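FYI, it's all coordinate maths here, none of it is from the lab. Keep in mind it's a predicted model, so treat the numbers as computed, not measured. As a convention, Cβ positions derive from the backbone with ideal geometry for all residues, glycine included, and neighbour counts pool all protein chains shown.
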Amino acid sequence: MSDNQERSRTLIEPYLGKTVEAKLDGSLFDHQPTTFRFSFVDPAALWETLKEDYEDYLEEWDDSQLVPVAGVSAVSAPDYQFAWIFLDWRRGQDEPAIVVTTTDSWSDKKRTLPSLGKLGLQIV
């Protein structure tokens, strides 16, 4: 596991195994406003799952710099993850930026936030 994967795991530790939600306007995911559920998991395991399902989109991505940490679903459909949260360590700072991808958009530049805190996550 890379250093940034370890740092990512430490950063998301409070959310692992918990129900995490945020009420958002939906624009970050090209979705309607709703309450979204964030399923935080071990970055290495999530990377393997994403590569299995979306390998063509991720072949240029460096998992030591863009570390996947969570799947996103609407609370009304918790079993359908349509977006993923990546911690972006490419800036070389102590706190990573956020990259959001969706099933139909895998750009690492289109949907970004300066930090995880900007999502307004709540453990419920």
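If you take the square roots of the eigenvalues of the alpha-carbon gyration tensor of the range 47-124 and sort them as a ≥ b ≥ c, do you get rounded (a/c under 1.5), prolate (a/b over b/c) or oblate?
oblate
Which is farthest toward the positive dipole end of the chain among Ala45, Val72, Pro33, measuring Cα position about the Cα centre, with Cβ charges +1 (Lys, Arg) and -1 (Asp, Glu)?
About the Cα centre, the residue reaching furthest to the positive side is Pro33.
Treating only the Cβ atoms of Lys and Arg (+1) and Asp and Glu (-1) as charged, compute the dipole magnitude of the range 4-124 about its Cα centre; round to the nearest 20 debye. Intermediate results must be reported in sequence, preceding the final value.
Working: 12 positive and 21 negative charges, 130 e Å.
Computed charge dipole of the range 4-124: roughly 620 debye.
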